[in-house]
Every structure is written in structure tokens, then in C-alpha cells.
Amino acid sequence: MIYQTASDWTNAAQKRVLIFAMSGLGKTYASNMLRETRSWFHYSIDYRIGTRYMGEFIADNAKAEAMKVPFLRELLMSDSIHIGSNITFDNLEPVSTYLGKPGDPSKGGLPMDEYQRRQEQFKRAELDALRDTPYFIDRAQALYGYPNFVCDTGGSICEWVDANDPHDPLLKMLSDNALMVWIKGSDDHTADLVARFDKAPKPMAYQPEFLVKAWRDYLSENKAQEGDVDPDSFIRWTYARALAHRQPRYSDMAKNWGITVDASDMATVRDEADFIAVVAMGLEART
């Protein structure tokens with residue numbers, strides 16, 4: 001770790017952190033708060049994915065839908081209109097909409113082959129965005145003069161690494177450049193996340209092996225065929241399983257490559273000083 005003790009962290013003139021956790025536990029809240037101090041550069045992995053690595057996929061998908069409408073098709077073919085996504089730090093909906101959900105096409109579902117293809121596109125995009133972290137650390141200071149840096153990762157970072165491999169290339173690169181901080185939720189947080197997801201299910205990325213097993217188990221349990229699956233029903237059914245699948249992976253990342261802070265402590269953060277203090281507590285607990 002680039003900071004071995006709470007004192008190292010607190011006294012560092014340049015603070016660099018990478019935050020990972022399930023969506024909804026405060027990663028983006030803390031990152032936005034730090035950005036507003038004007039002394040922290042906020043590098044959003046999901047924003048980078050949507051604007052740099054999947055922007056063309058997202059725009060082409062929207063164009064393909066527009067081409068089904070004769071009026072819009074004529075305007076597109078004559079270059080009379082432009083279609084693009086309006087991705088911001090606070091609106092990453094185009095990315096999740098493109099990922100989609102598998103199941104019945106009449107309910108907005110995708111064939112599983114197409115769904116898996118988009119999942120693979122997202123995996124490559126997320127890995128590329130994560131590998132860009134050192135570049136943005138240097139860019140933030142050289143171009144904008146930001147002394148501090150926070151990387152706001154997506155919830156699926158744990159799917160693409162082996163935290164128990166001391167030579168994992170991605171984790172080695174990330175931990176060499178930033179302090180990796182896991183925001184750990186309690187059982188109550190997990191129940192709350194499941195309840196919120198049930199009300200408004202959103203697409204997410206899955207480890208390929210996990211997805212294949214979840215899909216097979218869902219079809220078997222519900223005696224369903226691929227084209228009969230209600231897309232929202234499947235991802236609701238899968239969400240709690242995904243949380244249980246990710247929890248030990250996050251834990252291993254924190255144990256072997258970084259530190260842990262409790263979501264309840266992160267929820268008390270109101271300013272930069274609070275954030276620095278909570279991270280220092282995590283370092284003290286580790287040492």
C-alpha cells in the first residue's frame with residue numbers, strides 16, 4: 001500500500017485513493033463531495049466507460065432503434081439529425097440501458113447470446129478504464145494542478161481480478177498508485193440494497209461463470225424457456241445472489257490489497273476532513 005500508517009496518510013501532501021463497494025454504499029457521494037473541494041480530481045470509472053470505451057456502442061444502439069422509425073431513418077440517412085448519449089457523473093443511465101436485461105423481447109429483454117456479448121464488451125471497457133487510472137493521476141496534476149485524486153470504481157471491479165493472487169496485474173497496478181478502500185456494508189445495508197433494487201431493478205455486469213450458472217438455475221427453478229423470461233424478474237432474482245457472490249471477493253481485495261471502512265462510518269462524512277479521518281481509522285484498524 002502506498003500509505004502504511006494513518007500518519008502516512010494524514011500527512012501526505014498528495015492523497016490518492018480508489019474506492020470500491022457495491023453501488024449504493026457511498027462511493028460516488030464521497031467522490032462528489034471531494035471533487036467539490038476543488039483539491040481532488042474525481043475519476044469515475046463508469047463515466048470513462050460510457051464516454052471513452054462504450055460511447056460508440058451506446059450511440060449505435062440508439063441509432064439502430066431510430067432506424068426502425070421511417071421518419072427518423074430518413075433524417076439519419078441524410079445526416080440531418082445527430083444521436084448521442086448525454087452521460088454525466090450523475091447520469092450513467094445510457095450505460096446500463098445498453099447493457100440491458102436478458103429475456104422476453106416483448107418486455108424489453110435481449111437474447112442471451114446478445115446479452116453475453118454486451119457483458120463482454122463492458123468487461124473489456126471496465127478493465128481498460130481501470131488501467132487508465134495512473135494516466136489520470138498524472139494528468140490531474142500535470143494539467144489541472146490537483147494535488148489529490150479519488151478513483152470512483154464500479155461495483156463489478158471484483159469480478160475481473162483474483163485478489164488472492166499476489167501477482168494479479170490489475171490489482172498490483174492499482175495498489176501501486178492509490179490506496180484501495182473498501183466500503184463494507186452491514187447485513188442491514190444489504191437488506192436495504194436488495195429492497196431498493198427490487199423497486200427499481202437496473203442492469204449490472206456479472207462474472208461470466210456466475211451469469212451462466214444463474215441463468216441456468218433460474219430457467220430450471222422456474223421451468224422457463226429463454227424467450228419466456230421476464231427480464232426484471234431475472235435480475236431481481238439474481239441481485240441478492242450477486243451480492244453474496246461479491247462480498248467475499250471485496251473482502252479479499254481489502255485484506256490483501258487495501259483497507260476496510262464501514263459504510264456506517266462513511267455515511268457520517270460531510271467534508272474532506274471527515275473523509276481523511278475515516279480512511280485514517282481504516283489504516284489504524286489494519287495495522
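Some observations on this one:
- Residues whose amide H comes within less than 5 Å of that of TYR146, counting only those at least five positions distant or on another chain, are GLN141 (H built at 1.01 Å from N in the peptide plane).
- The range 1-120 pair-distance distribution - Cα-Cα, 5 Å bins, rounded %: 2, 9, 13, 15, 16, 14, 9, 7, 7, 4, 2, 2, 0
- About its Cα centre, the range 163-202 has a charge dipole of approximately 200 debye under the convention of +1 per Lys or Arg Cβ and -1 per Asp or Glu Cβ, with nothing else charged.
- Sequence-distant residues sharing a close amide H with LYS101 (under 5 Å, placed H): LEU110
- Among the listed pairs LYS123/LYS202; LYS123/LYS213; LYS172/LYS213; LYS27/LYS63; LYS63/LYS213, those whose Cα-Cα separation exceeds 23 Å are LYS172/LYS213; LYS27/LYS63; LYS63/LYS213.
- Calculated from the alpha-carbon coordinates, the range 198-251 shows an Rg and a Dmax of 11.5, 37 Å respectively.
- The residues of the chain expose on average 49 square angstrom of accessible surface per residue, using a 1.4 Å probe on protein heavy atoms.
- Solvent-accessible area assigned to carbon and sulfur over the range 137-249 amounts to 49 percent, based on a 1.4 Å probe.
- Note, ³J(HN,Hα) from phi for the range 144-161, Karplus 6.51, -1.76, 1.60, rounded to Hz, x at Gly and Pro: 10, x, 6, x, 10, 9, 10, 9, 9, 8, x, x, 8, 3, 5, 6, 10, 10
- J(HN,Hα) series, the range 28-43, from Karplus relation 6.51 cos²θ - 1.76 cosθ + 1.60, nearest Hz, glycine and proline x: 6, 4, 5, 5, 4, 4, 5, 4, 5, 6, 6, 10, 10, 8, 9, 9
- A simple rule links phi to the HN-Hα coupling: the Karplus curve 6.51 cos²θ - 1.76 cosθ + 1.60 with θ = phi - 60°, which for the range 100-111 gives x, 9, x, x, 4, x, 5, 10, x, x, 10, x Hz, with x for Gly and Pro.
- Expressed as a fraction of 2.2 N^0.38 Å, the value expected for a compact globular protein of N residues, the C-alpha radius of gyration of the chain is 1.07.
The values are calculated or read from the model by the stated rules, or taken from the named source; none is laboratory data. Please read all numbers here as calculations on a predicted model, not as lab measurements. As a convention, Cβ positions derive from the backbone with ideal geometry for all residues, glycine included, and neighbour counts pool all protein chains shown. What goes into the accessible areas is simple: the full protein's heavy atoms, side chains included, and nothing from ligands, DNA or RNA. Shrake-Rupley method; radii C 1.70, N 1.55, O 1.52, S 1.80 Å.
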